[in-house]
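Report on the following structure.
Values quoted throughout were computed directly from the atomic coordinates according to the rules given, and no laboratory measurement underlies them. Please read these numbers as outputs of a predicted model, since none were measured by experiment. Positions of Cβ are generated from backbone atoms using ideal geometry, with glycine treated the same way; all protein chains shown enter the neighbour counts.
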Amino acid sequence: MIEKIIELLASVIAVIFVFAPHEYAHAFVAYKNGDPTAKMCGRLTLNPIKHIDPTGFIMCALVGFGWAKPVPVDPFNFRNYKKGMFTTAIAGVVVNYIIAFIAYLIYVIISRYFYPVAAAGGAALAYFEYFLRYCFYLIFAYGLYSFVFNLLPLYPLDGFRIVQSCTREVNPVQKFLRTYGQMILIILIVESFICGIVVDRVPDIRVKMIVNYFDILGYVGWFAENIIGFPIKAAWGWILRI
C-alpha cells in the first residue's frame, strides 16, 4: 500500500517536471521568434499551474501519456514564419530529451550510491530512497514518452505543428489531422488504459500477450524507452565507467 502511494506521488511529480519545462520552452522560443502571445497570456513561466490541463495531467499520471494546455502562438508574429513555426514546435521535445538525459544520471547515482545506504538505514530511509529513485526514473521515462508522443502528427501535438511548418496552410492531410487529431489521441490513450487494466487483472499469460499486441501506445512507450532512450543509457554507462 505504501509503495503504491509512493509510486503515485512520484508519478505526479514526474509529470510536472516533464510538462512545465516543455510548455515553457514553446513559449520562450515563440517569444524569441517575435511572438509575444504566450508571454501576454502568462505562459512564459515554469509555474506548472499555468500549463497543466487536468484531463491530460491525470491521463499521464495514470498511463504515462497525456498532454498539457497548448501554448497560444500567433505564427503571423514570427519574423520568419517557417523557421518560427518549426523551432517553436520542436522546442518542447528537445527540452524533454535534455531533462531525460539529466534525470537518468540522477537515477543511476541514487541506485548505485544511495540505495545501499538506505537499505541499511531503516524503513523510513528505504521508502525515501525508493521515492527518489522511482521519481527520477519516471522523469526519464516520461521525458522520453513525451518526446515520441508529441512528435505524432496529430493536432494539437507538436508533430502537427511540424507538419504545419513544412506544408501549405490548406491541404487535405493537415485538415484531417486538425479535425480528428484530438479524437484519435483520446481513443489511443483510453485504449492503452484499458489494455493496462486487463493485463494487470487477468492471470492468463496468453490473454496478456494478445492484449499487449493491441496496445498501440505500448509500442510508442517501448520505442521511446528502448530506442530513443538507448543513447542516453549508453552515454552515461560509458561516462560513468571512465
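Per DSSP H run of at least 4 residues, take -39500 (n - 2.57); add these up for the chain, divide by its residues and hand me the 222 nm value, nearest 500 deg cm²/dmol.
-23500 deg cm²/dmol
What percentages, rounded to whole numbers, describe P(r) for the range 54-141 computed over all alpha carbon pairs with 5 Å bin width beginning at zero?
3, 12, 14, 15, 15, 12, 11, 7, 4, 3, 2, 1
Find the lysine pairs in the chain meeting two conditions, Cα atoms under 19 Å apart and a separation of 8 or more places or different chains, and report how many there are.
Count of close lysine pairs: 6.
Which option, [x] 0.94; [y] 0.98; [z] 1.01, is the value of Rg/Rh (Cα atoms, Kirkwood Rh) that was calculated from these coordinates?
[z]
Most exposed first by the Cβ proxy, i.e. fewest other Cβ within 10 Å, how do TYR130, TYR24, TYR219 rank?
By the 10 Å Cβ count, ascending, the order reads TYR219, TYR130, TYR24.
Only Lys, Arg, Asp and Glu count, each charged at its Cβ (+1, +1, -1, -1), so figure out the dipole size of the range 2-182 about its Cα centre, rounded to 20 debye.
In debye, rounded to 20, the range 2-182 gives about 560.
Considering only VAL163, VAL95, VAL211, give the residue with the highest GNM mean-square fluctuation for the chain, with springs between Cα atoms whenever their separation is below 10 Å.
Taking springs between Cα atoms under 10 Å, the residue moving most is VAL211.
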